[in-house]
Amino acid sequence: MEVSQLFPILKLPFVALWNVIRSMGMKETIDLSFTSKKLVTIIKSIPIADPEITLEIRPAEQPPLFPEETFQPLTMTEKFQKKTKSKDGKLDGKNMSIEYLEYICALFRNEISTLLINVNTSTPVLTSLLIWMNDRQPVLTSCLIYGDCKDHEIIDRFFEERIFSIRQLCFKLKLPPDTKPLNFESLEMEEFVVRTMDVTDSIPNWITVDSVLTSNSITMGIGASPFTGTDLNRIIKGWINGNNPRMEYFRVGVKRCNRQSLLDGIEFEKRETTVKRMYIAENKNYKIQRPIKKRTISGGYDIRRNDGTVATFQLLHSPQSPRALIELSLASKKCRLIIKSIKIPNPGVDFKLVTSEEISQGKNDAREHYLQKHFDILTKCLKLRTYDIDGEDITVEFGRAWAEYVCDLFGSGISSFIFNSSIPGLDLPGLSKWIKNRQSGSKMRLCRLYGDCKNTDNISLFFGARTFSINHLSIQLKFSSGVTPINFGILDMDEFDARTEDMPYIPNWITVESVLTSNCVRMWIGPCTFTTTDLNRIIKGWISGNNPRLEMVHAAVKPFDGHPLFEGIECERRDFDLLRNSNGMVKREVMIRGGFDIVGHDGTVATFKIKNRRWNDKVLWDFYLVVWKNGY
Amino acid sequence: MSVEPEVPIVQVEEVRENPVLYKIISSDNHVFTISEHAVKLSKTLWDLITNLGLTAENALDNPIPVENVNGKNMETIVQFCERHKYDEEEPEYTNYIREFVLPEWDRQLLSIDNEELFQLILATNYLDIQKLMDYCCRVIGDMAKDKTPEELRIIYGIPTDAEDDALERSASDSPGPSG
């Protein structure tokens with residue numbers, strides 16, 4: 001290799017050298033350690049809080065569980081052998097040996113934290129690994145056993161031979177129908193998670209009730225089980241009798257459940273669905289995705305353990321896959337009638353209009369195939385030949401007919417309407433009227449507009465004609481510089497979310513009147529032309545009670561002279577050290593440091609604040625107004 | 001309480017057209033001006049300014065000599081600090097520092113030859129600018145991607161164990177200062 005210039009890292013100040021090594025990935029750091037003993041000593045001296053060592057064992061011919069670009073665990077395959085470093089010292093990631101693992105654990109001064117086991121791994125690889133791990137570590141943080149399971153010899157062997165305890169055990173398996181119950185020994189882990197397994201197929205008999213009754217897990221999330229109502233009844237009674245005092249959350253999927261058998265002999269108190277209680281799982285540092293972080297329980301059956309602890313159980317109906325039902329509905333008129341008679345809660349009919357380019361770019365997208373297939377069947381079945389079909393594309397008219405069919409089948413409205421506003425000739429007012437006529441009072445969960453927007457007139461006509469309710473309006477438009485403000489009518493949705501920032505300028509796409517007349521709970525407004533006077537009006541508007549529902553409004557604006565912002569506003573400046581959280585938009589929590597407190601006409605306190613940030617090559621100011629509905 | 005016009009939001013005054021400026025003189029006598037918010041990114045310079053009691057009134061009349069940093073590096077440092085002066089404070093990295101993404105602007109700024117980068121790190125270390133240090137270190141760490149240990153040895157100028165041993169032996173064999 002030719003190197004034009006070397007970079008002598010050993011001549012760097014020690015802190016800089018540490019930082020250089022800490023900025024490398026685990027594989028690079030391991031390779032660096034092979035260069036000299038001195039580097040091994042340096043790497044071992046770096047203060048790294050808790051380096052995570054993840055090991056995957058799998059057959060060589062099977063792909064890794066995670067795409068390599070997203071996650072690269074160390075890998076051991078059945079080519080495993082007791083080999084030392086290769087001649088040039090390069091680590092052969094596909095042939096990890098016990099010696100290497102020993103070396104790596106010593107280098108990072110840690111144990112294996114996560115183990116991924118492909119269920120088709122060879123027995124010698126698993127056994128050697130378990131002997132080594134049993135000997136050196138008492139605890140494994142996370143373990144995931146995955147793959148297409150033809151027999152469960154490897155799983156049984158794993159539970160027979162491992163001695164170390166596991167904090168989180170996860171299965172992601174495809175099991176054959178004749179699977180016998182797995183021998184877990186004892187499920188003593190803090191978290192037991194089983195993913196996959198579709199309840200529409202026959203569920204193999206892979207787990208017994210006794211495995212649950214004798215377990216000591218805090219959280220159990222079992223995707224699909226062969227359990228019956230009687231089994232669940234035993235599990236509930238087991239908890240009441242104190243068989244697992246650590247249990248906090250248990251969820252299991254069953255194919256069918258007799259409510260009478262479920263409740264038989266159980267003393268319970270039925271709670272109304274208006275009673276909402278939230279369970280928040282303790283934060284744990286597991287590598288594998290958890291089955292629950294928090295969940296709101298509406299109603300349910302309260303039960304009480306002998307020691308006075310109260311728990312709630314619920315039986316929730318998870319619908320069959322809507323896609324499978326649609327397939328079935330196309331088989332015959334009788335099938336359609338049967339499906340129509342089934343009450344399916346929240347089937348979620350999404351109506352999406354995309355451009356031809358988007359379809360051609362997504363050739364591997366299953367949705368295209370699905371729509372094309374149904375286009376053929378539905379055209380034949382419902383005699384939709386009169387609709388204008390342009391080549392392989394599905395027209396808006398066809399989309400509407402298809403949405404009508406699905407909504408009629410499930411007896412529901414359209415739950416989301418997503419469209420690319422740059423589709424040429426899109427009749428948005430017409431669509432708005434169509435939705436209005438067919439929604440009949442049901443609220444649309446999501447309306448999202450995206451794409452390039454050169455002219456806002458058509459969008460204004462869409463919102464001008466709108467009378468149907470929207471829960472969440474998402475504007476993801478890339479506005480041209482000369483656009484005029486959209487006439488939104490009254491913004492009455494819970495969430496108004498417009499955070500597109502991928503523009504070199506600040507477009508004039510929304511007026512302050514849209515905010516002042518709105519009734520939104522949360523508004524996230526991306527770069528806009530609001531002035532200091534506009535923000536002053538928003539603050540004053542809230543103080544005078546123009547929107548009692550408001551919890552948060554954000555607007556990204558150009559920097560301005562700060563003084564008119566405060567004109568006529570009574571406020572109290574809070575210390576910079578004061579940190580307060582507000583639950584903001586979906587997946588977004590707003591943290592307010594300091595700011596200015598104001599009091600609304602009803603005594604509610606809110607805080608407004610401006611923060612600087614860089615945007616393209618300019619500076620933007622983020623204006624926040626957060627209302628402390630529940631105190632702070 | 002109504003807020004006095006003289007007490008705007010903290011950040012407001014920093015974006016005004018006439019921020020407080022300081023003068024810095026590099027080791028080769030180049031003079032640089034830097035805004036107050038930018039100079040705060042350097043713990044060394046800000047401590048110096050505080051200790052010298054420089055204020056908005058006298059800052060430009062009292063240039064700060066920095067003898068350990070040449071004009072070329074100082075220019076890069078000033079550009080960096082001005083660019084990042086409004087950044088939010090970031091949490092300290094207690095584990096790996098791989099999590100952050102190096103912005104394209106900074107990658108361009110740090111696309112300099114290795115000798116210059118080395119000198120820039122020394123200057124950054126002296127001026128105690130944490131963010132620039134992290135960014136420089138990321139650039140150097142990225143050189144290790146897809147390299148074998150032997151290639152890493154060459155890129156980073158790492159002596160072999162035998163060379164290290166020989167160096168140690170010659171150091172212990174050579175007479176000490178007292179002869």
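The values are calculated or read from the model by the stated rules, or taken from the named source; none is laboratory data. This structure is a prediction, so every number in the text was calculated from the model and none was measured. Positions of Cβ are backbone-derived with ideal geometry, glycine not excepted, and every protein chain shown enters the neighbour counts.
Kindly establish whether A:Ile525 is under 20 Å from A:Phe608 (Cα atoms), among the aliphatic types (A, V, I, L, M) and assigned to a strand (DSSP E or B).
yes
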Please specify each residue of segment A:2-35 satisfying the condition of being in a loop (DSSP other than H, G, I, E, B) and more than 7 Å from chain B (Cβ to nearest Cβ). A:Glu2, A:Ser4
Is it the case that A:Asn244 is within 20 Å of A:Arg295 (Cβ to Cβ), surrounded by 19 or more Cβ atoms within 10 Å (Cβ to Cβ), modelled with pLDDT of 90 or more and not charged (D, E, K, R)? yes
Looking at A:Arg246, A:Arg271 in this structure, which one is assigned by TED's automatic domain parsing to the domain that holds A:Gln168, under 16 Å from A:Gly221 (Cβ atoms) and more than 26 Å from the chain's Cα centre (by Cα)? A:Arg246
Can you pull out every residue in segment B:49-81 that is among the polar types (S, T, N, Q) and closer than 15 Å to B:Tyr126 by Cβ? B:Asn68, B:Asn70, B:Asn73, B:Thr76
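Checking the conditions here, which among A:Asn134, A:Asn110 is part of a loop (DSSP other than H, G, I, E, B) and either under 21 Å from A:Glu160 (Cα atoms) or at pLDDT 80 or above (or both)?
On inspection, the qualifying residue turns out to be A:Asn110.
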May I ask you to list the residues in segment A:20-32 that are modelled with pLDDT under 90 and farther than 13 Å from B:Lys147 by Cβ? A:Arg22, A:Ser23, A:Met26
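When you look at A:Asp156, is it loosely packed, with under 14 Cβ neighbours inside 10 Å and more than 16 Å from A:Val254 (Cα to Cα), yes or no?
no
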Of the residues in segment A:472-487, those that are among the polar types (S, T, N, Q) and surrounded by 15 or more Cβ atoms within 10 Å (Cβ to Cβ) number 4
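Per-residue answers, yes or no, for (1) modelled with pLDDT of 90 or more; (2) out of contact with any helix residue (DSSP H, G or I) (no Cβ under 6 Å at 6 or more places or on another chain); (3) acidic (Asp, Glu):
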| site | (1), (2), (3) |
| --- | --- |
| A:Trp434 | no, yes, no |
| A:Ile486 | yes, no, no |
| A:Arg499 | no, yes, no |
| A:Asp502 | no, yes, yes |
| A:Glu513 | yes, yes, yes |
| A:Trp524 | yes, yes, no |
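Given the criteria touching a helix residue (DSSP H, G or I) at 6+ places or on another chain (Cβ under 8 Å), closer than 14 Å to A:Leu461 by Cβ and not in a loop (DSSP other than H, G, I, E, B), does A:Leu409 qualify?
So A:Leu409 does not fit the description; no.
Return a yes/no flag: does segment B:41-53 have any residue that is more than 21 Å from the chain's Cα centre (by Cα) and at pLDDT 85 or above. Don't jump to the end; show me each part of the working.
Step one: list which residues in segment B:41-53 are more than 21 Å from the chain's Cα centre (by Cα), which gives B:52-53.
Next cut, at pLDDT 85 or above only: B:52-53.
Within segment B:41-53 (the criterion being more than 21 Å from the chain's Cα centre (by Cα) and at pLDDT 85 or above), the answer is yes, since at least one residue qualifies.
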Can you give me the ranges of the strands (runs of 3 or more DSSP E) entirely in segment A:559-612 with at least 2 residues that are surrounded by 20 or more Cβ atoms within 10 Å (Cβ to Cβ), within 12 Å of another protein chain (Cβ to nearest Cβ) and at pLDDT 85 or above? A:596-599
Residues of segment A:470-510 classified as more than 13 Å from A:Cys447 (Cα to Cα) and within 23 Å of the chain's Cα centre (by Cα), total: 3
Reported set for segment A:487-529 where residues are among the aromatic types (Phe, Trp, Tyr) and out of contact with any Cys (no Cβ under 6 Å at 6 or more places or on another chain) is A:Phe488, A:Tyr505, A:Trp509, A:Trp524
